[in-house]
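The values are calculated or read from the model by the stated rules, or taken from the named source; none is laboratory data. Only a predicted model underlies this, so the values are computations on that prediction, with no experimental measurement involved. FYI the Cβ positions are ideal-geometry reconstructions off the backbone, even for glycines, and counts take in every protein chain you see. Remember, those area values only see protein heavy atoms, side chains included, never the ligands or the DNA or RNA. Shrake-Rupley method; radii C 1.70, N 1.55, O 1.52, S 1.80 Å.
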Protein chains: 4
Amino acid sequence: MLIETLTRDSGDQIAAHLRSQGARFHRVNEYIVASGKPDLPVGDFIVHDVRAPYPLVSRELKPPGSVVEAAGVRFGRGSFPVIAGPCSVESEEQILRSAEAVAKAGGSMLRGGAFKPRTSPYDFQGLGEEGLQLLAKAREETGLPIVTEVLAEADVCMVAAYADMLQVGARNMQNYALLKALGKAGRPVLLKRGLSATLKEFLMAAEYVVAHGNSDVILCERGIRTFEQHTRNTCDIAAVPALQELTHLPVVLDPSHATGRRSLITPLARAAVAIGANGLLVEMHPEPEKAWSDGEQSLDCGEFEAMMADIKPYVELRQSSILKV
Amino acid sequence: MLIETLTRDSGDQIAAHLRSQGARFHRVNEYIVASGKPDLPVGDFIVHDVRAPYPLVSRELKPPGSVVEAAGVRFGRGSFPVIAGPCSVESEEQILRSAEAVAKAGGSMLRGGAFKPRTSPYDFQGLGEEGLQLLAKAREETGLPIVTEVLAEADVCMVAAYADMLQVGARNMQNYALLKALGKAGRPVLLKRGLSATLKEFLMAAEYVVAHGNSDVILCERGIRTFEQHTRNTCDIAAVPALQELTHLPVVLDPSHATGRRSLITPLARAAVAIGANGLLVEMHPEPEKAWSDGEQSLDCGEFEAMMADIKPYVELRQSSILKV
Amino acid sequence: MLIETLTRDSGDQIAAHLRSQGARFHRVNEYIVASGKPDLPVGDFIVHDVRAPYPLVSRELKPPGSVVEAAGVRFGRGSFPVIAGPCSVESEEQILRSAEAVAKAGGSMLRGGAFKPRTSPYDFQGLGEEGLQLLAKAREETGLPIVTEVLAEADVCMVAAYADMLQVGARNMQNYALLKALGKAGRPVLLKRGLSATLKEFLMAAEYVVAHGNSDVILCERGIRTFEQHTRNTCDIAAVPALQELTHLPVVLDPSHATGRRSLITPLARAAVAIGANGLLVEMHPEPEKAWSDGEQSLDCGEFEAMMADIKPYVELRQSSILKV
Amino acid sequence: MLIETLTRDSGDQIAAHLRSQGARFHRVNEYIVASGKPDLPVGDFIVHDVRAPYPLVSRELKPPGSVVEAAGVRFGRGSFPVIAGPCSVESEEQILRSAEAVAKAGGSMLRGGAFKPRTSPYDFQGLGEEGLQLLAKAREETGLPIVTEVLAEADVCMVAAYADMLQVGARNMQNYALLKALGKAGRPVLLKRGLSATLKEFLMAAEYVVAHGNSDVILCERGIRTFEQHTRNTCDIAAVPALQELTHLPVVLDPSHATGRRSLITPLARAAVAIGANGLLVEMHPEPEKAWSDGEQSLDCGEFEAMMADIKPYVELRQSSILKV
């Protein structure tokens, strides 16, 4: 049962009531998620009839969908922000050139990894806090808000001190200690789908963050793992409208990780616009062939500009269709 | 090695030469596929430097891509034909109503199964030849060419006598006896990707048809099988541009089987247009809730019309982009 | 509803009754599979309360399990026959040497492909009928019954004229035209699980064969396709006891295709014994490094003998446990 | 390049040398993992010619395999310890009854979760430190060493203060912050394979722990995620010998999570013995039908005892074969 309490007092009252009955419940902001269907005292609250096991993120709770805002960039409903930047922050020059190219081509946010989840312990693990400082500098120079991955609950505060949005990588989608910490981080969260996560598990991971206090979550489809080896992953593009039916949270698509191949990024980006995604996350690097990681799935500055030009009429067409409705 | 022979005589000459050397080779129409790199006699031929294991369908052979024509409907390059109709032919009234709705909404071809590959031996197996006759009648009334599935090599001639295009279902993608028979069928072939076929295997299956004499093959991405159960299959949409890089054959998309959910068909159809697919295959039924099979993934007549209206501006946008290039 | 008719007359009578009521039903040997729960006339029959959608192969029908016999070799219950031989029949010498090695090491049947389902149309497609004749010769010399794959319904009669058991390959598990033809083949069928077939689909495919008249079916787990690439397939060994709970048919395991690696065959064969499989299908070749196909997953004669010695105490241990029960 | 330094001095010397050349290297205990093949000064060291990207855990480094000891229980080579216990620690009575049953039936270690990675934020998350105290009490009463999952780097010290072995769950296999913390935990680590982790990724995860200082790692195959839904996961049993070829670390199997079905646990346990696994991890609960989690895949006390009796002759058979070799 999902109870929305209209005042702080009513929340306290219901919580006390449930506690006295020995009922299991979970309180988060103005909501109380209770097991079963307990009787409730009279008072200022609304009971939402939500059947989903992820009530706080379910579409039933907010049929029009939510808008998540990160430093002025709005995700959700009609907008189509594009987040771009290199896989890893490598140097001041590299991140500044990237940021300028993103800004020039009309991107909305800058991405770049300072903490990198690398398969090998011997691979470059990111510049750490120095990388965060370089991202902040790039923001200063271009005005682009920044999003960067956080790998460990212990780093959440530090990363949140620099970044406008915190990214949870696919490998950490079910790192519940991290998800709980992000509930208190005070920053919007960009949650990537796990390599073999079902849509339900993906939504449950989002529910973790929301249930621990942070309702600003953006979901990111980035491809799942299948038997197909031609592409790095298999983009489950139908997950975008499927998720949008199930949740009020915005859903963006990452065509870089979804394919692992530069030549497929722009066609997939167009498809993401057409299917109704709420934005893109794209890897871009001034010199992909020299990138320390993920070069083969990064656009260079000119290619990124071309991609933005390519998708523009599709974005406009979509927005004009929405207006007509 | 792929040898294109410019005259029949040169083909005979090269074949004789290879035979005398004990070389393994395969002759199909104007092409000779030979193992290794044998020395060749002087004469009227071109050697194509194709590295793919599927030389006849490889993009390297025909960089601009081929156009496959079925009874006047052109697949490939700029066109975007939509094939629609019910999963199974059930009755005269049902198929005629379907055909009229397809024609009215601007569809290009009618689909409908007369031979059905059903998981259970106790389920409806299709009307057989009677179904083919009903399809032919629907063609007569509406002018729409028809495509229908052939399940067995023994039926190829009979089905080809009625249909304008022959469909190979996902379960038969590696039914090599059937593929070989289709090489001689004299009808274009719509080849659906197997449930767990890699792109390479898919292309090899197409190569079978072409290597046995029939170069008119259209590939159809219809979703692959993964762990995700919310959708019937997982649409590997990036396979469309990936295949178009690898082969000159047209690639269409089936959003009905790819998702198994009516509500996802139109968004996915739009994405198919945007990503550059060469057409669609959509299930449509006058009364989906009464359909003998696949009702939950079939649009009704009004929904189909709405889908056609929905994708229209995307098709126009795409065609205008192609003209600009 | 599954009806067992105790006399031919009672079967005719019930069929007539169902027909007169317009009920859908399927008659096969002494069984009638009817839709729903029709009223039945008084007479000589038993109604089996089977809930599975594959009533004829369901365990509920024959709780002790069936024994399928092929030319004297018994599959099912306590026995543990080993079928071995090369992927393809290549020459008289090769198949005779193989057969002798199989017989010498205690194998029960000889396998070898005369019709090969090859991914490429340019690869060796098998010796065809000549291969069948060589297999028959090997049987004559060693007394080993033979099993070989049939690829096409058109070949069923010819292959059945030579072979003691007919194999359906993974790619043809849902080739329903072939399955129906095998219902009339008069030979036991070794049905391999499709690359991405669920257990239910696998059992439904077996039900096709049985529902078309042939109750002698043996199931073969041979690995499924997953993201893992170190092994050729992923052996779903738990499918063996899972299937044995669901069906009365015997279940054998193919450790060669399941792994694609010679070094893993023997350990997996031991596991197959221990988990209760009803036999093995193993690839063996006198000179694996020269095999025309699948050499890397074939044991040589000595390795095969070693494998047989290795599993022997496990087979004995299992048989002694069964006796104790 | 993998360098083994024979004295602390030689390690310091080589490190200084590599640093002076600007080479990238990683030092862990007596090993130095260096990029490329740098020239080395004369001294007390051995260069290991390891090609695997996971040199410290590769079989090449220790061909006979390692033995990992946890509070006197030896994993690796001939032994076959069985770890058993409930999914979650629920109460003192429950864990004590479990521990007694494990001890009585001949189990080697007790498992039980105090911190639970639950898909839903509203599900029971474990008793936390109280659960650890109950485990410690159970150890006191029975003498069984205990293994329990650690979910977060922040909890590593606390959990290590109670447990004899620390478990990393499938969802955290690539939680690199946690893996690094475990490198310093001073306790052996039981690392479960991720739901869709390749063998290489699994080994790289183990390499993380070893490269951060802890060489006592045991791998656990617990099923991977596939399209098959009859079982909870698909047990990749061939991964056991495949891993044993690739790594010197012990490999145990978890038949409970691998199948999710009580009836399949014992057959799979037998197969694990036969294929050469280095032990088992089994879920057992005094009253599975009342378990707070995973009841359907837990044996009760009697079933566990029966399983131990069932596998016993297989364990003895295996050990006698090893002696003969």
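Counted by Cβ distance under 14 Å from residue B:149, the other residues give a net charge of 0, where Lys and Arg count +1 and Asp and Glu count -1. In chain A, excluding the sites themselves, the longest stretch lacking any of the trypsin sites (Lys or Arg not before Pro) that are in a DSSP loop with at most 15 other Cβ atoms within 10 Å is A:185-325.
The alpha carbon radius of gyration of region D:239-325, expressed as a multiple of 2.2 N^0.38 Å, is 1.17.
Each other copy places its own label point for residue A:17 at 6.1, 7.7, 9.3 nm from this one, sorted shortest first, where the point lies 7 Å along the Cα-to-beta carbon line. To the nearest ten degrees, helix D:92-105 and the longest principal axis of the Cα atoms of chain D are 80 degrees apart. For region A:1-62, relative contact order (Cα pairs under 8 Å, six or more residues apart, normalised by length) works out to 43 percent. Values of log10 I(q)/I(0) for region B:42-138 across q = 0.12, 0.16 Å⁻¹ run -0.61, -0.81, by the Debye formula with one identical scatterer at each alpha carbon and no solvent. Classify chain C as rounded, prolate or oblate, taking a ≥ b ≥ c as the square roots of the eigenvalues of its Cα gyration tensor: rounded when a/c is under 1.5, otherwise prolate if a/b is larger than b/c and oblate if not. It comes out prolate by the Cα gyration axes. Shown for region A:89-157 is the translational diffusion coefficient from the Stokes-Einstein equation, using the Kirkwood radius over Cα pairs, a temperature of 4 °C and a viscosity of 1.567 mPa s: 104 µm²/s.
A cut-off under 14 angstrom between Cβ atoms defines the neighbours of residue B:132, and their net charge, with Lys, Arg +1 and Asp, Glu -1, is -3.
In percent, rounded to a whole number, the relative contact order of region D:210-261 is 44, using alpha-carbon pairs under 8 Å and six or more apart.
Relative contact order, percent, of region C:160-274 when contacts are C-alpha pairs under 8 Å separated by at least 6 residues? Value for region C:160-274: 21 percent.
Measuring against 18 Å, Cα to Cα, the residue pairs B:192/B:312; B:180/C:180; B:116/C:116; D:116/D:192 contain B:192/B:312; B:180/C:180; B:116/C:116 as the ones spanning a longer distance. Relative to one another, the C-alpha centroids of region C:233-309 and region B:33-73 are positioned 40 Å apart.
So what is log10(I(q)/I(0)) for the protein assembly as shown at q = 0.06, 0.07, 0.08 1/Å, when the Debye sum runs over its Cα atoms only? These q points yield log10 I(q)/I(0) values of -0.57, -0.79, -1.06. In the assembly of identical copies, residue B:229 has its label point, taken 7 Å from Cα in the direction of the beta carbon, separated from the corresponding points by 0.4, 2.9, 2.9 nm (ascending, one decimal).
If the Kirkwood radius is taken over C-alpha pairs of region A:1-90, then at 10 °C and 1.306 mPa s the Stokes-Einstein diffusion coefficient equals 102 µm²/s.
Only protein atoms count toward the accessible area here, which uses a 1.4 Å probe; on the protein assembly as shown, the carbon and sulfur part of that area reaches 48 percent. Counted by Cβ distance under 12 Å from residue D:201, the other residues give a net charge of +3, where Lys and Arg count +1 and Asp and Glu count -1. Distances between equivalent label points of residue C:30 across the copies, with each point positioned 7 Å along Cα→Cβ, amount to 6.5, 7.1, 7.2 nm, shortest listed first. Using bins of 10 Å that start at zero, the share of Cα-Cα pairs per bin across region C:171-229 amounts to 26, 53, 17, 5, in whole %.
Once region A:87-237 is represented by equal point scatterers at the alpha-carbon sites, with solvent omitted, what log10 I(q)/I(0) does the Debye formula produce at q = 0.20 Å⁻¹? With one equal scatterer per Cα and no solvent, log10 I(q)/I(0) is -1.27.
Working note: Cα gyration tensor of region B:188-271, eigenvalues times five, square-rooted, sorted largest first, giving semi-axes of 24, 13, 11 Å.
Computed over protein heavy atoms with a 1.4 Å probe, the accessible surface of region D:15-130 works out to 44 Å² per residue. In degrees between 0 and 90, to the nearest 10, how far off the longest principal axis of chain B does helix B:129-142 point, with axes built from Cα atoms? Helix B:129-142 sits roughly 80 degrees off the main axis of chain B.
Between rounded, prolate and oblate, where does region D:283-325 land on the alpha carbon gyration tensor, with a ≥ b ≥ c its root eigenvalues, rounded for a/c under 1.5, else prolate if a/b exceeds b/c? Judged from the Cα gyration tensor, region D:283-325 comes out prolate (a/c at least 1.5, a/b above b/c). Nearest-to-axis residue in chain C, judged by Cβ distance to the rotation axis that brings C onto B and given in whole Å, is C:196, 2. Region C:202-219 and region A:114-135 have Cα centres lying 57 Å from one another.
Looking at the protein assembly as shown alone, DSSP beta bridges between its own residues are antiparallel in about 40 percent of cases.
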